[in-house]
1. Which is in a helix (DSSP H, G or I) and open to solvent by 10 Å² or more (accessible area, probe 1.4 Å), of Arg554, Arg595, Arg588?
2. Is there a residue being of a type in the set (D, E, K, R), part of a loop (DSSP other than H, G, I, E, B), outside the structural domain of Val716 (by TED's automatic domain parsing) and surrounded by 13 or more Cβ atoms within 10 Å (Cβ to Cβ) anywhere in the stretch 528-538?
3. Evaluate the following for Leu696: is it under 30 Å from Ser563 (Cβ atoms) and of a type in the set (A, V, I, L, M)?
4. Given Pro184, Pro220, Pro236, which one is without any contact (Cβ under 8 Å) to a residue 60 or more places away in the chain, of a type outside the set (Val, Ile, Thr) and touching an Asp or Glu at 6+ places or on another chain (Cβ under 7 Å)?
5. When you check Ala359 against the structure, is it in a helix (DSSP H, G or I) and open to solvent by less than 50 Å² (accessible area, probe 1.4 Å), yes or no?
6. Exactly one condition in (1) of a type outside the set (Val, Ile, Thr); (2) in contact with a Pro (Cβ under 7 Å, 6 or more places away or on another chain); (3) at pLDDT below 90 is false for Ser413; which is it?
7. Show the residue pairs meeting these rules: Cβ distance below 7 Å; 6+ apart or different chains; first residue within the stretch 781-796 and under 15 Å from Phe708 (Cβ atoms); second residue of a type in the set (S, T, N, Q) and at pLDDT 90 or above.
8. Just give me the residues in the stretch 55-97 being in a strand (DSSP E or B) and of a type in the set (A, V, I, L, M, F, W, C), in sequence order.
Amino acid sequence: MKFTLSWLKEHLETSASIKEISESLTMRGFEVESVKEVDSFLENFTVVKIIKIEPHLKSDKLIVCHVETGSGLLQVICDDLNVRIGMKSLLARQSSKEETIHGLKSHGMFFSARELQPGEDSFRVLELPADTPTGATALEVLALDPVFEIVVTPNRPDCLGVQGIARELAATGLGVFKTALSVPVPGVYVSPLTITRTLAAEIACPMFVGRFIRGVQNGPSPLWLQRRLMAVGLRPVSALVDITNLLSLDAARPLHIFDSDKLKGSLTIRFALKGEIFHAINDKKYILQNDMLVIADNIGPQSLAGLIGGKATACSETTVNVFLESALFNPTCIAQTGRLLSIESEARYRFERGLDPAAVRRGAEGATRLIIDLCGGEASTLVISGTEPAWRRTLSVRLERFRRLTGFNLPASIMRKFLNAVGCTVIIEEKNVLTVVPPSWRHDLEAEDNIIEEIVRLHGYHNVPSIPLSSPCFPISTRVLTPSQQRQSQIRRTLAARGMLETITLSFMSSKNAALFKGCGFKGCGISLANPMSAALDTLRPSLLPNLILAARRNATYGMPDSALFEIGPQFYGDKPGEQQLIAAGIRTGYAGQRHWSRPSPRSVDVFDVKADAMAIPAIIGVPLEELQTDRVSVPPWYHPGRSGALQLGPIILGWFGEIHPLIIRTLDAQSPLVGFEILLENLSFLNEKLSPPPLNLSPFHPVVRDFAFVMDNTVPAEKVLKAARDSHKSLIVAVHVFDLYEGLEENRKSLAISVTLQPTKKPFTDKDIESLSSHLIESVFQATGAMLRRPQRNSL
């Protein structure tokens, strides 16, 4: 919906600024998409008078104009050969620089009407009235108008007209609404055309008002009307057409005018015959169906009701006698026909949202007055078919209901003031009840809650107090998720971020598969069910891994050999309450990535992949990963004995990881390689209560990275070397990791290279400080593991 500021002020007496109008509309539910204001660059446009014109000696398409600016003479090169001596126009001078055009200097340029005002058609130099003062600026002499564009919600068709917008702003206290006075035009004769409605069409067209006007002169509409339409993006056509467009935008009242001399007989509102052809004013032909409402004469359809007029009866410059249509159509019928025929029009946009049923006669009177004023002619009496639909309804609004829905109170007098401002009739019959009669144009006010919402909207949503909800009967929980649930949610997001898919499997399995995950003192004995759902699901699962492995096997059967699955759930070791453990388990099988041209072949998954998955879970709750130890002894038997490990923090076992035992892979008919992990979430919960994230201390100094290569026995684990290096100076060493392993030395010896990051905290390191820290680190590693710093070999001559 577009409108100009001056148009709005015809219906609203206000001194509000553009910003205040925009904010008020937005806060009342009408989004302001844009406001096109007058550009400040027009201050550089000056009114000039052409006093002399000469031909350009080097171009027959240019002329040389000498203009008076009020402060002197200037020379301007122009390409519009229609300018004349004595003509006044606008000259743009963006700077004091001169431009040379074909050897002659030009001190500015003229502008066309189209360049200054969007919507204007003329590309010629703008001509100003003769009495325009020379030397004035464009802002002083041009009636340029800001244009608003707003979004109107479907439940407010009354605001598809400028009058409705003005009424809304007046209701918010931004001005006084100017009530439009509709003075009836007396008819001087009886209309020669009559209107009838078929019985089937009476519901689709409850009321039709027409009027015959003879002796009109249809030409271009006045300049003020053309400018108004062009400002909102409509092209002026003729006075009669422009009048209908004006009232559609001004009063949300679509109209149509027939050239009555082109009609054959009287008009009938009826449903179309299946297969009838309608030639519309947009030069398109439509094949109609029998549920489409038309206005027809003796020849056939001359208008698609509420959508578009026909080409055969359209008004032209030769039109003398016209028949005016102001009708009320069923919104559903109009919307259905418009969708089926793909017709978009301003009339459809308004009719399908519902029009004011009390404005049908008023629309005909207003259009008649404008036609007679602009085109002349004599009007007949009104031709009316049907009656105004019953629209009056009475609603009761309880003040207690208002308080319960909104959380605050408003005096009844304030409520009545708001409702009166939007056209409602309000009676306070009882102390705590308002009786409200909505106006005819407010279809959306159908129930008590609608009235309450309207009061709050007019009061301003930003003025509604923020009150915390509190009720002794219905206490509000302060925490929706328990700490355990929150921790599980974090684990799911972490593992998903590592490329794994969450899987939910049954808590049952076959006793044969459960037997593979028993023994060695680990919890998990396979509790048999007394009444299993099937023979293959007769045991409570002692581990989450078997069902995950079977899921990966099914994936491989269906052509997806690479799987990365995880599950969070209980595993059972007894038949009594509480005899279960909450586990986060996962498996990986196949390749770790897809084939790529930059690599010879993808890498198979290995134990280090699941070790990283397993260590990512303790990291969530702040477990210091550098304090974790890997134990190869405390590992369940379903893992490979030489390619697995247990994650421990002191004496607490957090979980296990490693390759699945080959025997289990063969028994379950799975594919190798197959790796997995299990994390005991209950042990993590115990740690979570004791751990707190360390404070963040950022050093202003650059870290220093040093590499060390140690030679040691093959039996020394890398973890022991890393821990010894880290413990050499915990406050200054922030990171230690292995980056190279070389096993080509003498028998039972290997070389392990580590990278150490040193972070100064109080001052930058000197060479002496780094040398001292390095010596201390080398000594610490030697004392803990017996590893010696690897020296470069010298070749003997």
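1. Details: Arg595 fails: in a helix (DSSP H, G or I); Arg588 fails: in a helix (DSSP H, G or I).
Selected residue: Arg554, the only one of Arg554, Arg595, Arg588 that is in a helix (DSSP H, G or I) and open to solvent by 10 Å² or more (accessible area, probe 1.4 Å).
2. We begin by selecting, within the stretch 528-538, every residue of a type in the set (D, E, K, R); these are 538.
Add one more test, that the residue is part of a loop (DSSP other than H, G, I, E, B), and what stays is 538.
Cutting the leftovers down to outside the structural domain of Val716 (by TED's automatic domain parsing) gives us 538.
Narrowing the set further to residues that are surrounded by 13 or more Cβ atoms within 10 Å (Cβ to Cβ) leaves 538.
The answer is yes; a qualifying residue exists.
3. Numbers: under 30 Å from Ser563 (Cβ atoms): no; of a type in the set (A, V, I, L, M): yes.
Spelling it out, it is not the case that Leu696 is under 30 Å from Ser563 (Cβ atoms) and of a type in the set (A, V, I, L, M).
4. Details: Pro184 fails: without any contact (Cβ under 8 Å) to a residue 60 or more places away in the chain; Pro220 fails: touching an Asp or Glu at 6+ places or on another chain (Cβ under 7 Å).
Only one candidate passes the filter, namely Pro236.
5. Values: in a helix (DSSP H, G or I): yes; open to solvent by less than 50 Å² (accessible area, probe 1.4 Å): yes.
Yes, satisfied.
6. (2)
7. If the second residue must be of a type in the set (S, T, N, Q) and at pLDDT 90 or above, the pairs left are Arg790/Ser751.
8. Step one: filter the stretch 55-97 for residues in a strand (DSSP E or B), giving 55, 63-68, 73-78, 88-92.
Residues satisfying the conditions are Ile63, Val64, Cys65, Val67, Leu73, Leu74, Val76, Ile77, Cys78, Leu90, Leu91, Ala92.
The values are calculated or read from the model by the stated rules, or taken from the named source; none is laboratory data. Keep in mind that this is a model prediction, so the values were computed, not measured. Here the Cβ is made from the backbone with ideal geometry for all residues, glycine too, and neighbour counts use every protein chain on show. For the accessible areas, the whole protein counts, side chains as well, though only heavy atoms, and no ligand, DNA or RNA atoms are used. Shrake-Rupley method; radii C 1.70, N 1.55, O 1.52, S 1.80 Å.
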